[in-house]
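Heads up, the thing below is written out as structure tokens.
The values are calculated or read from the model by the stated rules, or taken from the named source; none is laboratory data. Everything numeric here is computed off the predicted structure, so don't read it as measured data. Cβ placement follows ideal geometry from the backbone for every residue including glycine, while neighbour counts extend to all protein chains displayed. These accessible areas exclude ligands, DNA and RNA; they are computed on the full protein's heavy atoms, side chains included. Shrake-Rupley method; radii C 1.70, N 1.55, O 1.52, S 1.80 Å.
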Amino acid sequence: MPLWTLHGNGRTVEPGQVVKPGERLNWPATVAIGAQHVVAMFGATFLVPVITGFPVSTTLFFSGIGTLLFLVVTRNKLPSYLGSSFAFIAPVTAATASQGMGSALAGIVAVGVLLAAVGFVVQFAGMGWIDKLMPPVVAGAIVALIGFNLAPVAWDNFEQQPVTASITLVAVILFSVLFRGFLGRISIFLGVIVGYVVALLFGEVDFSAADEAAWFGLPEFHLADFAAPGTWSVIAMFLPVVLVLIAENVGHVRGVATMTDASVNQHTGRALIADGAATTLAGFFGGSGTTTYGENIGVMAATRVYSTAAYWVAGIVAVLLALSPKIGAVIASVPAGVLGGVTTALYGLIGIIGIKIWVDNRVDFSRPVNQYTGAVSLVIAIAGFTMQWGEFQLGAIVIGAAAALLIYHLGNAIARWRRTGADDGGPIPAVGPLGGDPENAPER
């Protein structure tokens, strides 16, 4: 039995139809769409290692391998590209600065193992327990604080080359509002290209490493170090990232299910297991942690092709690109000004995603428990709170995430016991059609 059945005539997608995960177009069209997926993921995937100092080729290699592994674990039924997750940037940056790359990789491995474990539980017990542990006000706070915690890092790069950074930032914003569809979704990638060209004109790009790099060769591998002093305090810093990866994977599965077939939702547990396994593998050998990519959802929505065959092509192409150290060195030559401009937008967007979770779920911020859950956790993250006991240190992300969970659950328990009305009363009910006037409103 073939892995995919041919959709229609293999060349076109009929109006109102989609190419489902188990179908494909003819191979030339499938290869072309797979190449689009590589372009879509590339801009975001290479930024993570450039920002964190990880080898670019290694991250690209494990991104491709992780995508192929994801397809195998999900039984070739869930289309997804696994690119570098921005949620890892803050803990990786802090861990590398304090303990070195080996300890940072150990943190990535720990996140992968925990995510896979959550996936096994979801596969057999469902998602209900996650919703209770991490309701919208908590989930939004944790996602937002990871982004806002990175603000000082963006400024450190921005102030080194402010003109280049400003042009890059303006380009990112301009492309996002100037273009629609696929080009609008890769505005960050396009902004980086503009910034890179400007940096070339200003003489801010150093090509020395690229000149010395070979055209073909294996990526630079590094091993996770669990024995180094301070590694276990580093691992604690990484654990809140699991909550972000859960949200991203669940959102991806639901998005694909909405566009193709509701039965896709039954693969949610497998998706978490697969991403956990891919992140673990990458962390053991020097790659960045992975996640499902919204950019590739955009390509699928634009083309109406949800075939997993295109992702096999994308994964293989990514691996082949990773086998060129020269390409990796060129990517790594992106100067500080370009990074400062793009990360100013990028880190803020991570924070806004958390706030969007609040808005989408109509979180009631008239309730004190919800107010303090969001307020305290965000201030902790933005200010960069730390706590230390000897060699063991907790960073702002883990402290902020713990504060959000503790304030919400303990605050609700006390408020409901005392019946003060300070607890989370649930989503605000809609008075009328959203965006319009309430129904049966009295005339004035």
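Among helices (runs of 4 or more DSSP H) entirely within region 1-120, having at least 2 residues that are touching a residue at least 24 places away in the same chain (Cβ under 8 Å) and touching a strand residue (DSSP E or B) at 6+ places or on another chain (Cβ under 7 Å) singles out 27-52, 56-73.
Of the residues that sit in region 8-60 and are closer than 30 Å to PHE285 by Cα and open to solvent by 40 Å² or more (accessible area, probe 1.4 Å), which one is modelled with the highest pLDDT? Out of the qualifying residues, it is VAL31.
Within region 332-381, the residues that satisfy the criterion of being outside any loop (DSSP other than H, G, I, E, B), among the hydroxyl-bearing types (Ser, Thr, Tyr) and either open to solvent by 10 Å² or more (accessible area, probe 1.4 Å) or modelled with pLDDT under 85 (or both) are THR343, THR344, TYR347, TYR372.
Checking each residue of region 156-168 against the condition of being open to solvent by 50 Å² or more (accessible area, probe 1.4 Å), farther than 14 Å from LEU245 by Cα, assigned to a helix (DSSP H, G or I) and in contact with a helix residue (DSSP H, G or I) (Cβ under 6 Å, 6 or more places away or on another chain) gives at least one match. Here LYS132 meets the list (1) surrounded by 15 or more Cβ atoms within 10 Å (Cβ to Cβ); (2) in a helix (DSSP H, G or I) almost entirely, failing just condition (1). On inspection, LEU145 passes the criterion of being in a helix (DSSP H, G or I) and modelled with pLDDT under 90.
Each row is one residue, and each column tells you yes or no for (1) touching a Leu at 6+ places or on another chain (Cβ under 8 Å); (2) touching a residue at least 60 places away in the same chain (Cβ under 8 Å); (3) crowded, with 19+ Cβ neighbours inside 10 Å; (4) under 14 Å from ALA32 (Cα atoms).
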residue: ILE297; (1), (2), (3), (4): no, no, yes, no
residue: SER307; (1), (2), (3), (4): yes, yes, yes, yes
residue: TRP312; (1), (2), (3), (4): yes, yes, yes, yes
residue: GLY315; (1), (2), (3), (4): yes, yes, yes, yes
residue: ALA329; (1), (2), (3), (4): no, yes, yes, no
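Just to be sure, is LEU105 open to solvent by less than 10 Å² (accessible area, probe 1.4 Å), at pLDDT 90 or above and touching a His at 6+ places or on another chain (Cβ under 9 Å)? Here the answer is yes, as LEU105 does meet what is asked. Considering region 233-242 alone, what residues qualify as being at pLDDT 80 or above and assigned to a helix (DSSP H, G or I)? Of everything in region 233-242, those that are at pLDDT 80 or above and assigned to a helix (DSSP H, G or I) turn out to be VAL234, ILE235, ALA236, MET237, PHE238, VAL241, VAL242.
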